[in-house]
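Down below is the structure, laid out as structure tokens.
Read the figures in this text as sums done on the coordinates, not as results from a lab. Predicted model only: the values in this text are computed from it and were never measured. A quick note on method: Cβ atoms are made from the backbone with ideal geometry, for glycine too, and the neighbour counts reach across all protein chains shown.
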Amino acid sequence: MQMKDVNAIVTGGASGLGAATARHFITQGARVTILDHDPAGAGFAQDIGAGFAAVDVTDAASVTAGLDAAGAINVAVNCAGVAAVEKTLGQNGPHDQGRFEKTLAINLAGTFNVARLAAERMQAGGVIINTASVAAFDGQKGQAAYAASKAGITGLSLPMARDLARAGIRVMAIAPGIFRTPMLEGLGEEVMAGLARDVVFPARLGEPGEFAALAAFIVECDYLNGTTIRLDGALRMP
């Protein structure tokens with residue numbers, strides 16, 4: 001598939017990896033509709049020439065309305081997600097069950113919700129790209145909920161690809177390492193520099209544009225299907 005033929009939705013496209021993906025796709029000639037829970041994302045969408053719909057990825061009716069706004073799509077990139085940091089058993093007691101379930105609801109169930117509804121709209125085939133994380137493979141302390149949700153994303157790739165093969169739909173996942181996103185930048189340069197030291201090569205944080213470029217490559221490379229690509233500079237989390 002060539003980018004000029006793409007009509008994509010990008011969930012979580014108002015910031016971070018999703019925003020970089022939406023912007024990159026548009027520069028490559030694609031049409032894009034951003035689906036994001038934050039209505040303020042409409043301004044960013046207008047700035048880059050994308051459509052916008054305020055969407056809760058965990059709600060089927062909300063996602064359906066967003067897809068209706070996007071029209072006849074053939075690519076879905078799922079970047080919407082939340083991070084949770086809490087130990088299974090901490091100083092204040094066991095992990096909050098509600099927070100665990102909310103993390104899985106947004107990161108995993110929300111991704112599947114968008115994927116299944118988007119697949120129904122891809123009448124002439126398409127591509128679904130989900131966002132996992134290196135935490136799916138080597139999650140750190142305090143990442144039980146987040147790592148579980150991202151491991152679920154990696155587990156979706158092959159069975160979903162097999163399910164959707166007859167419809168001509170490919171399914172891939174990207175597992176980014178430590179990327180320079182607004183959430184990470186809020187930790188400060190000193191903390192980011194410390195995180196970058198664990199990256200083998202190049203010894204730096206990933207740039208959102210690199211995630212976006214990989215997503216575009218996946219769209220254009222028809223033989224990529226049913227697996228997860230680590231994008232991490234050979235990082236293995238300690």
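Candidates PRO238, THR64, VAL85 compared by Cα position along the dipole of the chain: farthest toward the positive end lies PRO238, with charges placed on Cβ. Counting Lys and Arg as +1 and Asp and Glu as -1 over every other residue whose Cβ lies under 14 Å from the Cβ of ALA173, the net charge comes to +2.
Between ALA109 and VAL85, the modelled label-to-label distance comes to 2.6 nm, taking each label 7 Å out from Cα in the direction of the beta carbon. Counting only alpha carbon atoms, the long axis of helix 16-27 and the longest principal axis of the chain meet at about 30°. Only lysine pairs 8 or more places apart, or on different chains, with alpha-carbon atoms under 18 angstrom apart are counted in the chain, and they number 5. Between ARG204 and LYS141, the modelled labels are 3.1 nm apart [label points 7 Å from Cα along Cα→Cβ]. Helical runs (DSSP H, four residues minimum) scored at -39500 (n - 2.57) apiece and divided by the length of the chain put the mean residue ellipticity at 222 nm at -12500 deg cm²/dmol.
Please compute the net charge surrounding THR21, taking Lys and Arg as +1 and Asp and Glu as -1 over other residues with Cβ under 13 Å from its Cβ. Summing Lys/Arg as +1 and Asp/Glu as -1 gives -2.
Of MET172, MET192, MET160, the residue with the greatest mean-square motion in the GNM of the chain, using alpha carbon springs below 10 Å, is MET192. For the listed peptides 63-74, 193-204, 129-140, a ranking on the average number of other beta carbons within 10 Å per residue, highest first, reads 129-140, 63-74, 193-204. Between THR27 and ARG99, the FRET efficiency estimated from the beta carbon spacing at R0 = 35 angstrom works out to 0.40. For the chain, calculate the relative contact order in percent as a whole number, restricting contacts to Cα pairs under 8 Å that are 6 or more residues apart. Relative contact order for the chain comes out at 21 percent.
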